[in-house]
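So the structure is just underneath, and the comments pick up after that.
The values are calculated or read from the model by the stated rules, or taken from the named source; none is laboratory data. A quick note: this is a predicted structure, and the numbers were derived from the prediction, not measured. Here Cβ is always computed from backbone atoms with ideal geometry, including for glycine, and neighbour counts include all displayed protein chains.
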């Protein structure tokens, strides 16, 4: 996305592991230990800063290999850290979103991240900073029900699954066979603005940010022309 060695990764706050002392077939602490060893990450969400088209941006990205990119307190802290960094540095904020939803090993602590991320996004928008979301495969549950669907513009990779409830749950509820490709972004065009191949994401995001931040040369020239015409009309009226 940013190019080799053209970005900075931030270390974000990590709350206490396993606040509820959760155990099922394994302890939650053991699951976290395995996920950290597998991914090299402390939590399932990474915060980075970099440049696209010479525009400084702050971004977060979820790693599905970290417990299905589910959201818990640590991921919520990472998201809020990213938003704060974007506001302080007047950066657009981009969220590369994937995951199966909230992490139930943290129960209501996990569910509260839906509210926390939503409030953080509202603060970003109060500061007139763009919020772009790129949907990766899969994106579901409370993630879809909160920060993944609050962007100014939504992009998606081809074939990405975008849903709240799983297909099996829906099929069991309606007692009908679901159509092929059900819940894929191509079948739900109202949920996203653009479907973009990963190799083209940087170029497309750069173009969109240039427009949103009025850094596009065509827009600037049109604005200048409009301004000059307005001044001419004002002089003529005088």
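Scanning region 189-238 for residues that are more than 28 Å from residue 56 (Cα to Cα) and at pLDDT 80 or above turns up just one, 190.
Is it true that residue 114 is surrounded by fewer than 22 Cβ atoms within 10 Å (Cβ to Cβ) and at pLDDT below 95? For residue 114, the condition - surrounded by fewer than 22 Cβ atoms within 10 Å (Cβ to Cβ) and at pLDDT below 95 - is not met.
The set of residues from region 172-212 being touching a strand residue (DSSP E or B) at 6+ places or on another chain (Cβ under 6 Å) and on the phi > 0 side of the Ramachandran plot comprises just one member, 183. Screening 177, 186 for residues that are at pLDDT below 95, over 18 Å from the mean Cα position of the chain (by Cα) and in a helix (DSSP H, G or I) leaves exactly one candidate, 186. When you scan region 168-177, do you find a residue that is crowded, with 16+ Cβ neighbours inside 10 Å and over 18 Å from residue 101 (Cβ atoms), even just one? Taking every residue of region 168-177 in turn, none turns out to be crowded, with 16+ Cβ neighbours inside 10 Å and over 18 Å from residue 101 (Cβ atoms). In region 168-176, the condition of being touching a helix residue (DSSP H, G or I) at 6+ places or on another chain (Cβ under 7 Å) and either farther than 18 Å from residue 61 by Cβ or in contact (Cβ under 8 Å) with a residue 40 or more places away in the chain (or both) is met by no residue.
Of everything in region 127-143 that is touching a helix residue (DSSP H, G or I) at 6+ places or on another chain (Cβ under 9 Å) and farther than 28 Å from residue 199 by Cβ, the residue that is surrounded by the fewest Cβ atoms within 10 Å (Cβ to Cβ) is 127. Considering 180, 197, which residue is farther than 27 Å from residue 55 by Cα and loosely packed, with under 13 Cβ neighbours inside 10 Å? Sole residue among the options that is farther than 27 Å from residue 55 by Cα and loosely packed, with under 13 Cβ neighbours inside 10 Å: 180. Of the residues making up region 51-94, those that are modelled with pLDDT of 95 or more, buried (at least 20 other Cβ atoms within 10 Å of the Cβ) and under 21 Å from residue 214 (Cα atoms) are 57, 58, 59, 86, 91, 92, 93, 94. Only one of the numbered conditions (1) surrounded by fewer than 22 Cβ atoms within 10 Å (Cβ to Cβ); (2) touching a residue at least 24 places away in the same chain (Cβ under 8 Å) is violated by residue 119, and that is (2).
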